[in-house]
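Input: a single structure, listed below in structure tokens.
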């Protein structure tokens, strides 16, 4: 049995490998004709973060039997760079001012420049993914398409108090879960794993991604004030996250009207009022239970794989994500 200390050390070593590869990727382009565009994008790309997407791609490759991680590094970097591109564009249309504890790109360099930087990052990410075989390239393209559809659906439901759980899952699956699933799927394909392993890792990524996003949504309402973005950002932006959707469904009469008023006329001085309504509806407990359900399904998918160090690290990464506080 591998110790938790050993697993955490190995996770840190993979995170360091990702950081090193990203820095090398950036520096190579800073030294060439792409320098002006990369200068715009480099700060947010190298701003840190937990790097869940590329780390999971590396681990999925190893868990699927791959032994040379250089074969999957481009896919891992592609996942992180495309994700970073979505953050740049998210911050623009959400009019967010802080990301990872720093000013968002459009507030620091200007709106037109930030749009260009986001577009450039998308091109870089897809270019890296395009170095693989046709199946993987097509899957990356599909993931990008689903991200766009998820974003559009989320915009359609901003401030919409009639948003359903089905709407929420459509948004989450497009923006978060399917990209995680695609990274795991692609890593297993590159490892030349049998189809049953590819399917298991794809399922893991889907369930992990759902749980991951739900944790994020809870943190927006219950997280520490030291988070990389202000608490309550989603509420201010009118996003219909699952705790809010659940409360709107469960509350009736005066309490339902009160919640609607809080959401439609939200300000920071109504924070306690919102929290009490969500607690009274049992919405925090409801979403916590769903997180546990999706986490359990992700772990069940991992159980079908051979016992390896990489699989053990994926189990631990699931636990770390579930218990996040920022």
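General observations
- Residue-level analysis places residue 51 among those that are at positive phi and surrounded by 20 or more Cβ atoms within 10 Å (Cβ to Cβ).
- Count of segment 158-174 residues which are closer than 25 Å to residue 60 by Cβ and surrounded by 22 or more Cβ atoms within 10 Å (Cβ to Cβ): 2
- Subset tally (residues that are touching a residue at least 40 places away in the same chain (Cβ under 8 Å) and either under 28 Å from residue 240 (Cα atoms) or part of a helix (DSSP H, G or I) (or both)) for segment 128-142: 7
- Matching option when the condition is more than 25 Å from residue 235 (Cβ to Cβ), modelled with pLDDT of 95 or more, part of a helix (DSSP H, G or I) and within 19 Å of the chain's Cα centre (by Cα), among 170, 187: 187
- Candidate set from segment 93-108 (those that are under 14 Å from residue 41 (Cβ atoms) and part of a helix (DSSP H, G or I)); member that is nearest to the chain's Cα centre (by Cα): 105
Residues checked against (1) loosely packed, with under 15 Cβ neighbours inside 10 Å; (2) in contact (Cβ under 8 Å) with a residue 12 or more places away in the chain:
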residue	(1), (2)
8	yes, yes
14	no, yes
18	no, yes
21	no, yes
24	yes, no
31	yes, no
42	no, yes
47	no, yes
77	no, yes
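So that you can scan it fast, the table gives a plain yes or no per residue for (1) without any contact (Cβ under 8 Å) to a residue 12 or more places away in the chain; (2) exposed (fewer than 14 other Cβ atoms within 10 Å of the Cβ); (3) within 27 Å of residue 203 (Cα to Cα); (4) in contact with a helix residue (DSSP H, G or I) (Cβ under 7 Å, 6 or more places away or on another chain):
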| residue | (1), (2), (3), (4) |
| --- | --- |
| 237 | no, no, no, yes |
| 242 | no, no, yes, yes |
| 247 | no, no, no, yes |
| 251 | no, no, no, yes |
| 259 | no, no, no, yes |
| 285 | yes, yes, yes, no |
| 303 | yes, yes, yes, no |
| 310 | no, no, yes, yes |
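- Flag if residue 77 is within 20 Å of residue 208 (Cβ to Cβ), at pLDDT 90 or above and either in contact with a strand residue (DSSP E or B) (Cβ under 6 Å, 6 or more places away or on another chain) or not in a loop (DSSP other than H, G, I, E, B) (or both): yes
- Qualifying residues in segment 79-94 (those that are free of Cβ contacts under 8 Å to residues at least 60 places away in the same chain and more than 21 Å from residue 22 (Cα to Cα)) - the one surrounded by the most Cβ atoms within 10 Å (Cβ to Cβ): 91
- Some residue of segment 275-293 being in a loop (DSSP other than H, G, I, E, B) and either under 20 Å from residue 193 (Cβ atoms) or under 19 Å from the mean Cα position of the chain (by Cα) (or both): no
The values are calculated or read from the model by the stated rules, or taken from the named source; none is laboratory data. Bear in mind that the values here come from a model prediction, so they are computed numbers and not experimental data. Here Cβ is always computed from backbone atoms with ideal geometry, including for glycine, and neighbour counts include all displayed protein chains.
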